[in-house]
1. State whether one or more residues within region 4-27 are closer than 22 Å to Tyr136 by Cα, at pLDDT 90 or above and surrounded by fewer than 13 Cβ atoms within 10 Å (Cβ to Cβ).
2. Quick check on Thr76: is it part of a strand (DSSP E or B), in contact (Cβ under 8 Å) with a residue 12 or more places away in the chain and not acidic (Asp, Glu)?
3. Out of (1) touching a strand residue (DSSP E or B) at 6+ places or on another chain (Cβ under 8 Å); (2) in contact (Cβ under 8 Å) with a residue 12 or more places away in the chain, what's the single condition that is false for Asp82?
4. Take region 110-140 and flag every residue that is surrounded by 14 or more Cβ atoms within 10 Å (Cβ to Cβ) and aliphatic (A, V, I, L, M).
5. Being under 12 Å from Arg122 (Cα atoms) and either aromatic (Phe, Trp, Tyr) or in contact with a Pro (Cβ under 9 Å, 6 or more places away or on another chain) (or both) is the filter here, so list the residues in region 38-48 that pass it.
6. Collect the residues in region 89-113 that are of a type in the set (Val, Ile, Thr) and not in a loop (DSSP other than H, G, I, E, B), keeping them in residue-number order.
7. What pairs can you find where one residue is in region 120-148 and in contact (Cβ under 8 Å) with a residue 12 or more places away in the chain and under 24 Å from Gly87 (Cβ atoms), the other is assigned to a strand (DSSP E or B) and among the basic types (Lys, Arg), and their Cβ atoms are less than 7 Å apart, with a gap of 6+ or different chains?
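The values are calculated or read from the model by the stated rules, or taken from the named source; none is laboratory data. Fair warning: this is a prediction, and the values are worked out from it, not measured in the lab. Reconstructed Cβ throughout: ideal geometry from the backbone, glycine too, with neighbour counts over all protein chains shown.
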Amino acid sequence: DGARTDRPSPVAVRIPYRALDGFLAVRAWLRPAHAEAGPIEVGDKATAVTARLHGTELGEDAVVRLRGRRSREERTLSPSVDGDGRGFRFTVDHADLTGVAVRYWDVHVLPTADAAPVRVGRVLDDVADRKHSFVYAAASDGGQLVRPYYTVDNDLSFEVTDPG
């Protein structure tokens, strides 16, 4: 698991894989910093995410921000930070994401108040495309379903949908 080794900035990742046409392809990411998602625990009322920051460290004023895609809606969470300033955990209350006209919520961590947002995702292993292979259960809250998922870029987001 590549997430266990701390990586300096910039965080460079290359994952070779077999493309649909049978040829060798390579997915590549180059980011100033990256927050690697670890275990994701979906509960009835909330989802807990454990992650590790690479390329920088979390300050005392670090926050996790969920931003509605194509929306101005935002939710800010205070993460629990490990003693090394890189590992962190946060919990998303499903009720905080429902009841507004936002379907997709993208997850970022702001290492300090004045830092650029760092996308939370999962790229430090050998899975080139997690969107259809890492599928999490949806939890019902307030008549809507909330589920974490990985985007086509292997970034972590949440989706809110109506049942049915």
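1. There is no residue in region 4-27 that is closer than 22 Å to Tyr136 by Cα, at pLDDT 90 or above and surrounded by fewer than 13 Cβ atoms within 10 Å (Cβ to Cβ).
2. In short, yes.
3. Of the numbered conditions (1) touching a strand residue (DSSP E or B) at 6+ places or on another chain (Cβ under 8 Å); (2) in contact (Cβ under 8 Å) with a residue 12 or more places away in the chain, the odd one out for Asp82 is (2).
4. Within region 110-140, Leu110, Ala115, Val118, Val120, Val123, Leu124, Val127, Ala128, Ala138, Ala139 qualify.
5. Correct list: Ile40 only.
6. Those that are of a type in the set (Val, Ile, Thr) and not in a loop (DSSP other than H, G, I, E, B): Thr91, Val92, Val107, Val109.
7. Tyr136/Arg147
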